[in-house]
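Structure record follows, encoded as structure tokens.
Just so it is clear, none of the values below were taken in a lab; they were calculated from the coordinates. Because the structure is a prediction, the values reported are computed rather than measured. When we count neighbours, we look across all protein chains shown, and the Cβ atoms used for this are built from the backbone with ideal geometry, even at glycine.
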Amino acid sequence: MNGTSHAAVGAATGFVVANSLQTSPTTTLLLVGLGGISGLIPDIDIDGKLRGKITLSHKVIRLSALIIGIMMVIYSFFEKSEMERWLGVGIGLMIMLIASLIKQKHMLTITGVAVLVGGLSVEELWIILLGIYIMIASVSSHRSYTHSLVGIAFFGYIAFLFESSLGMDGVFYACLGGYISHLIGDLKILPFNKRGVKMFLPLSSKEI
């Protein structure tokens, strides 16, 4: 199933939740949107098509880091202490070296770290866990842990905390329902899927 279909089914799930709770038009729109987004989340993993759409180009990050490294080196020459001068030059050169190694596949990990830091700064556990989820997805093969019961449980807990933070009924069910709808849409038993999902990782790697 392609991304558009996953988003549509997830949005429909959000609408069903909103309809069952008889929510206001504004809340209904939010739940439909959350269901649609959650229906795409499992494909955030390292080989998923969604990865490139939610991350910046690695060239932008690489250029920014190179500029910071060069500025660090130049600035260090104005330090009064020789120790501070060479320490600054060393750090600047290290930043430049790391920047030269950044590739597009690293951008999802960087995004996860940024979300994690953002969560720590605002002290929101669901954002922190979302950052960890993204980081795990960045090193997981496609249709593995994000497409398993472990992934459902982890994302479900994030959705639970998200609902508690917003104080809005239906958020948990819309998000979790959208996520689960993605996994159902990727099952091997469906005629249009050549591959299935490893639902019972790490206990079993069999696709279903």
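Loop-located chymotrypsin sites (Phe, Trp or Tyr not before Pro) across region 161-200 with a Cβ neighbour count of 12 or fewer within 10 Å are Phe192, with loop assigned by DSSP. Here region 68-189 is treated with +1 on each Lys and Arg Cβ and -1 on each Asp and Glu Cβ, and its dipole about the Cα centre works out to around 520 debye. Computed from the Cβ-Cβ distance with R0 of 45 Å, the FRET efficiency linking Ile74 to Glu123 stands at 0.80.
Using only Cα coordinates, the Kirkwood hydrodynamic radius of the chain works out to 19.0 Å. Mean-square fluctuations from a GNM of the chain, with a 10 angstrom spring cutoff on Cα atoms, peak among Gly35, Gly167, Gly156 at Gly167. Under the simplified labelling scheme, the Met94-Arg195 pair shows an inter-label distance of 3.8 nm, with each label point 7 Å from Cα along Cα→Cβ. Qualifying trypsin sites (Lys or Arg not before Pro) in region 150-204, where qualification requires a DSSP coil assignment and no more than 10 other C-beta atoms within 10 Å, comprise Lys194.
The length gained on full extension between Ile67 and Ser141, counted as 0.36 nm times the residue separation minus their Cα-Cα distance, comes to 23.4 nm. Between Leu29 and Asn2, the simple label model (points 7 Å from Cα in the Cβ direction) yields a spacing of 2.8 nm. Projecting the Cα atoms of Gly90, Ser100, Ile74 onto the charge dipole of region 58-104 (Cβ charges, centred on the Cα centre) puts Ser100 farthest toward the positive pole. Using a Gaussian network model of the chain in which every pair of alpha carbons under 10 angstrom is joined by a spring, one finds that among Leu87, Leu108, Leu125 the greatest mean-square fluctuation is at Leu87.
Normalised by the number of residues in the chain, the mean separation of alpha-carbon contacts (under 8 Å, six or more apart) gives a relative contact order of 26 percent.
Shown here for region 70-99: chymotrypsin sites (Phe, Trp or Tyr not before Pro) in loop regions (DSSP other than H, G, I, E, B) with at most 15 other Cβ atoms within 10 Å, namely Phe77, Phe78. Among Met94, Met168, Met199, a tally of other beta-carbon atoms within 10 Å of each Cβ gives an order, fewest to most, of Met94, Met168, Met199. Across region 58-104, the mean sequence separation of Cα contacts (distance under 8 Å, 6 or more residues apart), normalised by length, yields a relative contact order of 50 percent.
By other beta-carbon atoms within 10 Å, ranking Glu123, Glu84, Glu207, Glu163 with the fewest at the front produces Glu123, Glu84, Glu207, Glu163. Ordering Ile44, Ile152, Ile184 by the number of other Cβ atoms within 10 Å of each residue's own Cβ, fewest first, gives Ile184, Ile152, Ile44. With respect to the chain, whose longest principal axis is taken over its alpha-carbon atoms, helix 149-166 is tilted by about 80°.
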